[in-house]
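Each remark here refers to the structure printed beneath this line.
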Amino acid sequence: GNVRGAFDWLGYHRLNTIYNWLDSLVTQHPEIVEGNPGIFIEGGIHAREWISPAVVTYILNELILSDDSRVRYMAESYDWYIFPVFNPDGYEYTHTTNRLWRKTRRPTGRGCYGADPNRNWNFHWAEGGVSRNPCSEIYPGDRPFSETETRTMSQYIDSIQTKIFSYIAFHSYSQLLLIPYGYSNKRVSNYDDLFQIGNYSINALSQRYGTRYKVGNIVDIIYVASGGSMDWVRGTYNIPVTYTYELRDKGRYGFILPASQIIPTAKETLDSLVAMFEQAAKR
Ligand code: ING
Ligand code: ZN
């Protein structure tokens, strides 16, 4: 392997390669300090959006190893809760069988598999932007938290919610920075702050390669979608700094983003996070 461990951002990796790398980080960096405000990072809730786990693992690696003073300051000022692959069975299935699979993989008993794990959370569940057909890509499940992935993550978040002030989810694609909610066009109480911080953040993102993003609330700039993780976190615990990234690109390659774009996408996204949390700290 390379000097930074037997892992790289030159290709998209299988689940066990990601897990082995995560285990090696724990052995190589046992010094864990807690007590700062927490930032929760969600990657890979949708199986086919491979750029998401790739960017999240890159950011995790930089938080540990970067020499850049702004990245170091950010790394050490917060406690990080980072989950690169929220939907591991779906992710593996996209590597072995169907590259464009989105959902979980549990049999529904009605001939189709899985629920959309970003429609399965227990906040205004199944109110809009879903289909009751279990074969649909946006099937919300037969009840909230029917899926192991969302139920167990929600229980974990319940247990740490007092420690986190920010929840950031990574999807692809469209180059958007989304503000809650997805279930309705109701704006969150600090919408204006989030909009300003968001614009500052995407401006920082554009500096490196000129990549253009847009900021806005979900219903206004994409579509109604209830039962998402960010809606649940925001609606249940009122976590103040909540965003969802829709990473590169804008549709040329879509979900099949070439691996040569992993590092550039990750670098510009890290730039935007540094700017986001510098700006959020000033409020
Ligand atoms: N986009 C998200 C989706 O689940 C989203 C957008 C985010 C909706 C947060 C609701 C809440 O449809 C992709 N690309 O999956
Ligand atoms: Zn997605």
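Read-outs: derived from the displayed coordinates by stated rules, not from any lab. Everything numeric here is computed off the predicted structure, so don't read it as measured data. Here Cβ is always computed from backbone atoms with ideal geometry, including for glycine, and neighbour counts include all displayed protein chains.
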query = By counting other Cβ atoms within 10 Å of each Cβ, how are His46, His13 ranked from fewest to most?
reply = His13, His46
task = Give, in nm to one decimal, the length gained when the segment between Arg106 and Gln155 is fully stretched (0.36 nm per residue of separation minus the Cα-Cα distance).
result = 15.7 nm
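How long are the semi-axes of the equivalent ellipsoid of region 22-69, taking √(5λ) for every eigenvalue λ of the Cα gyration tensor, in whole Å from largest down?
Values: eigenvalues 96, 36, 30 Å².
For region 22-69, the ellipsoid semi-axes come out as 22, 13, 12 Å.
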task = Report, ordered by chain and residue number, the lysines lying within cross-link reach of Lys103, taken as a straight Cα distance under 24 Å and ignoring same-chain residues fewer than 8 apart.
result = Lys250
inquiry  = Considering only C-alpha atoms, what is the centroid distance from region 68-120 to region 246-278, in Å?
reply    = 17 Å
ask   = Across all directions of projection, what mean area in square nanometres is found for the Cα convex hull of the chain?
value = 14.1 nm²
request  = Enumerate the aspartates and glutamates that Lys282 could reach by cross-link, defined here as Cα to Cα under 12 Å, with residues fewer than 8 away along the same chain left out.
outcome  = Asp193
query = Label points 7 Å out from Cα along the Cβ direction at Val224 and Arg99: separation in nm?
reply = 3.5 nm
remark   = Highest GNM mean-square fluctuation among Ala225, Ala259, Ala54, for the chain with Cα springs under 10 Å, belongs to Ala259
message = Based only on other Cβ atoms within 10 Å, what is the fewest-to-most ordering of Ser206, Ser229?
response = Ser206, Ser229
ask   = Of Tyr167, Tyr156, Tyr81, which is the most mobile in a GNM of the chain whose springs link Cα atoms less than 10 angstrom apart?
value = Tyr156
query = Based on DSSP H runs of at least 4 residues, each adding -39500 (n - 2.57), what is the mean residue ellipticity at 222 nm of the chain after dividing by all its residues, to the nearest 500 deg cm²/dmol?
reply = -12500 deg cm²/dmol
ask   = With r defined as the distance between the Cβ atoms of Asn185 and Asn122 and R0 fixed at 25 Å, what FRET efficiency is calculated, to the nearest 0.05?
value = 0.75
task = For region 1-90, count the residues as N, evaluate 2.2 N^0.38 Å, and divide the Cα radius of gyration by that value, please.
result = 1.09
message = If packing is taken as the average number of other Cβ atoms within 10 Å across a peptide's residues, how do 22-28, 116-122 rank, most packed first?
response = 116-122, 22-28
remark   = Once both label points are put 7 Å beyond Cα along the C-beta direction, the Leu22-Ser260 separation in nm becomes 3.1 nm
ask   = By how many nm would the segment from Asp68 to Glu31 grow when fully extended, if each residue of separation counts as 0.36 nm and the alpha-carbon distance is taken off?
value = 11.3 nm
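Please report, in whole Å³, the volume per residue of the convex hull around the C-alpha atoms of region 137-283.
So the per-residue hull volume is 126 Å³.
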task = Report the label-to-label distance for Thr162 and Arg143 in nanometres (one decimal), using points 7 Å from each Cα along the Cα→Cβ vector.
result = 2.9 nm
key: Binned Cα-Cα distances of region 34-179, short to long, each 5 Å bin given as a whole percent   = 2, 9, 16, 20, 20, 15, 9, 6, 3, 1, 0
task = Above 20 angstrom, tally the Cα pairs of region 202-266 and express them as a % of all pairs, no decimals.
result = 43 percent
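Could you give the length gained on full extension between Tyr253 and Tyr237, defined as 0.36 nm per residue of separation minus the Cα-Cα distance, in nm?
2.1 nm
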message = Under 8 Å for C-alpha pairs, at least 6 residues apart: give me the relative contact order for the chain, rounded to a whole percent.
response = 23 percent
